[in-house]
Amino acid sequence: MWHWFWLCMTFALGLAVGSFLNVCIWRMPRDESVVRPPSHCPACDARLRARDLVPVFSFLLQGRKCRYCKAPISWRYAVVELTTAVAFLGLYLVDGAGAPLLFDALLVAALIAIFAIDLEHYIIPHELNYFLMFTGVAREVYGRLATGQWSHPVHLLGIPVPASVVGIALGVAVFAGIGWLGQLAFRQESMGGGDLRLAAGIGAHLGWLGLTASVVLAVVAGAVVGVGLIATGLRKRREYIPFGPFIVLGALAVVYAGQWVVPGFLALYGFHPENVPIRSWP
Ligand SMILES: [Zn+2]
């Protein structure tokens, strides 16, 4: 009985959060506030009312057109809302109800917005990356307060360092290194500062091991898709393909299937640890 209640709750919450993510996806790359002014049609500027803002339903009932000026509404709005709803429902199935579900929902919501914005505009808004770093550290501090100890600290010179801090440091170090090598090899910027901050944000939530698995999956997926796009003539050799969406997909794979993916990945290198931490907490 409670199971069905939580299934419906997470789906409905996902629709509502997805609706807000649509605001972020449109406004953040345009440097507009996500709070003010209230939602309006980008074509005719008409202020949207409550009945125009019901996720998915308004979109379908109005025939995918603005009620006031009949300008077509992008499919992206309904796709983002439904994707977020299904993603939140999946998190409930992975995490159950509780604090881990809340922190994973914050992580996944930001990842969905970053995916959509980087794909279209080739930028990752810093506020989303800092949001990930902040909520990632907050998640581990919450775990420390709730359980009385850090979940998976890394001992440096005998001092336990929280996993989220190690994850942030690793993200910065690896992507600064890749950027430096790219400068040397190609004499052009290969990784933006957005990718570096995104890696740090994912490291804060997933710790050093979860971040490493995310980046390896991203590189593999990026290479496959990149070669595919060039082979089919959709992209030219030196044309820019944003890397952010691939890091997002890698991180999502770790969030939803990390308990299978990460031990399998480690087994390739001959490691068979008993406890594989794929979050900074729990
Ligand atoms: Zn309109």
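No value in this document is a laboratory result; all are computed from the given coordinates. Since the model is a prediction, treat every value here as computed from it, not as a measurement. Neighbour counts run over all protein chains shown; Cβ positions are idealised from the backbone, glycine included.
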Go ahead and set up a Gaussian network model of the chain, Cα springs under 10 Å, then flag whichever of Gly18, Gly90, Gly270 fluctuates most.
Gly270
Once you have a ≥ b ≥ c as the square roots of the Cα gyration tensor eigenvalues for the stretch 83-138, tell me rounded if a/c is under 1.5, and otherwise prolate or oblate according to whether a/b is larger than b/c.
oblate
Report relative contact order for the stretch 1-97 in percent, whole number only (criteria: Cα-Cα under 8 Å, sequence separation at least 6).
43
Top of Ala12, Ala46, Ala113 by mean-square fluctuation, Gaussian network on the chain, Cα under 10 Å:
Ala46
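Would you kindly give the portion of the calculated P(r) for the stretch 122-179 that falls above 17 Å, as a percent of all Cα pairs? Kindly include the intermediate steps, with their values, before the conclusion.
Working: 824 of 1653 pairs.
The share of Cα pairs beyond 17 Å in the stretch 122-179 comes to 50 percent.
Multiply the residue separation of Leu101 and Val34 by 0.36 nm, subtract the distance between their alpha-carbon atoms, and state the gained length in nm to one decimal.
Roughly 21.7 nm would be gained on extension.
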Identify the chymotrypsin sites (Phe, Trp or Tyr not before Pro) of the stretch 20-92 meeting these criteria: DSSP loop state and at most 13 other C-beta atoms within 10 Å of the C-beta.
Trp75
Where in the chain are the DSSP H helices whose C-alpha atoms run 20 Å or more along the long axis and whose mean Kyte hydropathy is at least 1.0?
2-27, 76-95, 99-121, 163-186, 193-231, 244-268
Rounded, prolate or oblate: which fits the stretch 1-97 when a ≥ b ≥ c are the square roots of the eigenvalues of the alpha-carbon gyration tensor, with rounded for a/c under 1.5 and prolate only if a/b beats b/c?
prolate
What percentage of all Cα-Cα pairs in the stretch 65-201 are separated by more than 20 Å?
61
On each of the three principal axes of the Cα atoms of the stretch 128-282, give max minus min coordinate, whole Å, ordered largest first.
55, 29, 28
Which far-off residues, 5 or more places away or on another chain, put their amide H under 5 Å from the one on Val154, with H placed in the peptide plane?
Val161, Ala163
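Ignoring the sites themselves, what is the longest stretch of the chain with no trypsin sites (Lys or Arg not before Pro) in a DSSP loop and at most 14 other beta-carbon atoms within 10 Å?
Details: sites that count: Arg49, Arg64, Lys70, Arg187, Lys236, Arg237, Arg238.
Here the longest segment lacking exposed loop sites spans 71-186.
With the Cα gyration tensor of the chain in hand, convert its eigenvalues to equivalent ellipsoid semi-axes via √(5λ) and list them largest first in whole Å. Each step should come with its number before you reach the end.
On the way: eigenvalues 217, 131, 60 Å².
Values for the chain, descending: 33, 26, 17 Å.
So what is the orientation-averaged projected area of the stretch 224-282, using the convex hull of its C-alpha atoms, in nm²?
Numbers: hull surface 22.8 nm².
Orientation-averaged projected area of the Cα hull: 5.7 nm².
For the stretch 99-282, what is the relative contact order in percent, using Cα pairs closer than 8 Å and at least 6 residues apart in sequence?
Details: 271 pairs, mean separation 50.3, N = 184.
27 percent.
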